[in-house]
1. With the other protein chains left in place, how much accessible area per residue, in square angstrom, belongs to region 68-115 at a 1.4 angstrom probe?
2. Using 7 Å Cα-to-Cβ label points, what is the D88/T7 separation (nm, one decimal)?
3. For the chain, which whole-number percentage of the solvent-accessible area (1.4 Å probe, protein heavy atoms only) is attributable to carbon and sulfur atoms?
4. Hey, can you find the accessible area per residue of region 12-66 for me, probe 1.4 Å, expressed in square angstrom?
5. Describe numerically, in nm with one decimal, the distance between label points set 7 Å from Cα along Cα→Cβ at R36 and at T71.
6. Given a Förster distance of 25 Å, report the FRET efficiency between K54 and K98 from their Cβ-Cβ distance, rounded to the nearest 0.05.
7. Once the cut-off is 15 Å, how many percent of the Cα-Cα pairs in region 47-115 end up in the long-distance tail?
8. Explain nothing, just compute: Karplus ³J(HN,Hα) = 6.51 cos²θ - 1.76 cosθ + 1.60, θ = phi - 60°, for every residue of region 86-95 in order, whole Hz, x for Gly and Pro.
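The values are calculated or read from the model by the stated rules, or taken from the named source; none is laboratory data. Just so it is clear, the structure is predicted and the values come from calculations on it, not from any experiment. Because the Cβ atoms are built from the backbone with ideal geometry, glycine has one as well, and the counts that use them run over all protein chains shown. The protein model used for the area step is the full one, side chains on, heavy atoms only, and it has no ligands, DNA or RNA in it. Shrake-Rupley method; radii C 1.70, N 1.55, O 1.52, S 1.80 Å.
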Amino acid sequence: MNIPFQTIDWSAIPKTEHHGETGTAHWQTIQFSGLRIRVVEYTAGYIADHWCQKGHIVHCLEGEFISELSTEEQLTLTKGMTYVVSDDLSSHRSISEKGVKLLIVDGDFLLPDLP
């Protein structure tokens, strides 16, 4: 993958709406071959409507949220914190009581190593 130097003006990227179990997520997405970069905002009271096994790098830009694992462990991330996980290494979902703004990067580089 070769991505030439470029800037991203997020104010020019349209938002798409994705409903959770409760609340709504608004995504602004840039897609490259094998790489997706998003700014995602969850409204107050957001609970994801699915358990995700995809790998991500998730950085909290504003607010806070809980990353709930299928093991019932809950990890709170606040502004300035990041989590990283490869594909198929956890089952997780996001919960936000007061709303949050995230930068999320995922793609082929997070595929698990083959034996």
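1. 64
2. With each label placed 7 Å out from Cα toward Cβ, I get 4.1 nm.
3. Carbon with sulfur: 54 percent of the solvent-accessible area.
4. In whole numbers, region 12-66 has 51 Å² accessible per residue.
5. That separation, rounded to one decimal, is 2.5 nm.
6. 0.50
7. Beyond 15 Å sits 52 percent of the P(r) for region 47-115.
8. Residue by residue, region 86-95 yields 7, 3, 6, 9, 7, 10, 9, 8, 9, 9 Hz.
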